[in-house]
Amino acid sequence: MAHRITLIPGDGIGPEVAEAARRVVEATGVEIDWDVQEAGAAVMDREGSPLPDRVLASIRHSRTALKGPITTPVGSGFRSANVALRQELDLFAAVRPAMSLPGVRTRYEGVDVVVIRENTEDLYAGIEFERGSEALRRFREELRALAGFEIPDDAGVTVKPISVSGTQRIVRFAFDFARRNGRRTVTVGHKANIMRFSDGVFLFTAGAEAQFYADIWFEEVQVDELALRLASNPEELDVLLLPNLYGDILSDVCAGLVGGLGLVPGANLGWEYAVFEPVHGSAPDIAGKGLANPVAIVLSAAMMLAHLGETDAARAVRSGVTEVLATPDMRTRDLGGTASTEEVAAAIAQAVRHVISSR
Ligand code: NAD
């Protein structure tokens, strides 16, 4: 039976790379019934929301989606459709593997790090008070009355909630992931010395849960030191367990270690639904030019195939990517090449067909 998958092309480079991923998945021969759902900035203009209910309904039905990036306006306008999607579907765990790939020249060798990012809490919870608003005036008064805190009247405020229950599930997820994937160490990044009551909850809950996983080494590191370690000896790190904001930032750092955002895939997972998407954004600077590297979303599609139980197809896609990256004239501009998104996608699809037929 065909797998039903919601395909969200997104905007910016999204449609170009999503089409590339679809082409590669089709080359595996796995039968997919794609339900294409538009979302993003243009949809906002037409339908009044960048993430209309029909998109969520489609994912609730198919349970699995492959998604291109969606633009978020900076500092004003609508709230991030990406964050809303993760919260609406309770996709509490982001998994972002960053691995040195053969043929891609970088400053480091042997990097094999997986960022496990908590996806629903922290400063991304959406609890915000706009500078000068009536709500913020009342909030400031409450804080003053409650604890004597003074917030300057020209400030804007974002609140950072981190709960024991929200942390427990991501910690268990990270350790189970480590076990299932033969990983040895989970390193939790935090700033609990400064944010004692939010990062403190994350750190202490992680420590308490870690006791149930005696077979996995657990270490805790302040996130600034973790940034230093990533820049100095990334090959010594294994699974990084991070609250939402640090996870977002360090995912991009990890992408930089292995050759850039064009290469790093991702999965957003919850108890019921799974949405696979690259770490990168909509890259407006190169959108519509055929310059985007499709590898990140193609590898996200490989994660999706593995999630669907199509392990041979997932493996074939990874081998296809490895083979094409080793071909110097089949690289996009971000990797120093001149090939277009479409050419790279066609080459990967061809390599995948070859792997499948030679089995
Ligand atoms: P970005 O990831 O879009 O781009 C950063 C840099 O990396 C740019 O120079 C871009 O050209 C390059 N890049 C990104 N993907 C690439 C690819 N596949 N191939 C080659 N080069 C690539 O980050 P940004 O510019 O900060 O964000 C642009 C928009 O995307 C923003 O609106 C942001 O909110 C949004 N965004 C969306 C998601 C998502 O949909 N999950 C994630 C991150 C950012």
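The values are calculated or read from the model by the stated rules, or taken from the named source; none is laboratory data. The model shown is predicted, which means the values in this text are computed figures rather than measured ones. In this analysis, Cβ positions are derived from the backbone assuming ideal geometry, glycine residues included, and neighbour counts consider all displayed protein chains. Accessible surface is based on the protein model in full, side chains and every heavy atom, while ligands, DNA and RNA are left aside. Shrake-Rupley method; radii C 1.70, N 1.55, O 1.52, S 1.80 Å.
Run down 55, 43, 17, 83 and say which single residue is touching a residue at least 40 places away in the same chain (Cβ under 8 Å), out of contact with any Gly (no Cβ under 9 Å at 6 or more places or on another chain) and among the hydrophobic types (A, V, I, L, M, F, W, C).
55
Scan (1) without any contact (Cβ under 8 Å) to a residue 40 or more places away in the chain; (2) part of a loop (DSSP other than H, G, I, E, B); (3) within 23 Å of residue 226 (Cα to Cα); (4) not aliphatic (A, V, I, L, M) for the single condition residue 150 breaks and write down its number.
Every condition holds for residue 150 apart from (3).
I want to confirm something. Restricting to the range 101-141 and keeping residues that are assigned to a loop (DSSP other than H, G, I, E, B) and at positive phi, which single residue is surrounded by the most Cβ atoms within 10 Å (Cβ to Cβ)?
Looking at residues that are assigned to a loop (DSSP other than H, G, I, E, B) and at positive phi, I get 103.
Output the residue which, of all residues in the range 285-317 that are part of a helix (DSSP H, G or I) and over 18 Å from the mean Cα position of the chain (by Cα), is nearest to residue 31 (Cα to Cα).
313
Check residue 87 against each of (1) within 16 Å of the ligand (Cβ to nearest atom); (2) in contact with a Phe, Trp or Tyr (Cβ under 9 Å, 6 or more places away or on another chain); (3) in a loop (DSSP other than H, G, I, E, B) and name the one condition it does not meet.
(3)
For the range 164-201, enumerate the residues that are open to solvent by 40 Å² or more (accessible area, probe 1.4 Å), closer than 17 Å to residue 115 by Cα, among the polar types (S, T, N, Q) and touching a helix residue (DSSP H, G or I) at 6+ places or on another chain (Cβ under 9 Å).
168
Grab the strands (runs of 3 or more DSSP E) fully contained in the range 202-284, keeping just those with 3 or more residues being away from the ligand (no atom under 16 Å from the Cβ) and open to solvent by less than 10 Å² (accessible area, probe 1.4 Å).
Where strands (runs of 3 or more DSSP E) fall fully within the range 202-284 and carry at least 3 residues being away from the ligand (no atom under 16 Å from the Cβ) and open to solvent by less than 10 Å² (accessible area, probe 1.4 Å), they are 239-242.
Please give the number of the condition residue 1 fails out of (1) assigned to a loop (DSSP other than H, G, I, E, B); (2) touching an Asp or Glu at 6+ places or on another chain (Cβ under 9 Å); (3) open to solvent by less than 30 Å² (accessible area, probe 1.4 Å).
It is condition (3) that residue 1 fails.
Within the range 20-34, track down each residue that is charged (D, E, K, R) and in a helix (DSSP H, G or I).
Listed by number, the residues that qualify are 22, 23, 26.
Check residue 315 against each of (1) open to solvent by 60 Å² or more (accessible area, probe 1.4 Å); (2) modelled with pLDDT under 95 and name the one condition it does not meet.
Residue 315 satisfies every listed condition except (2).
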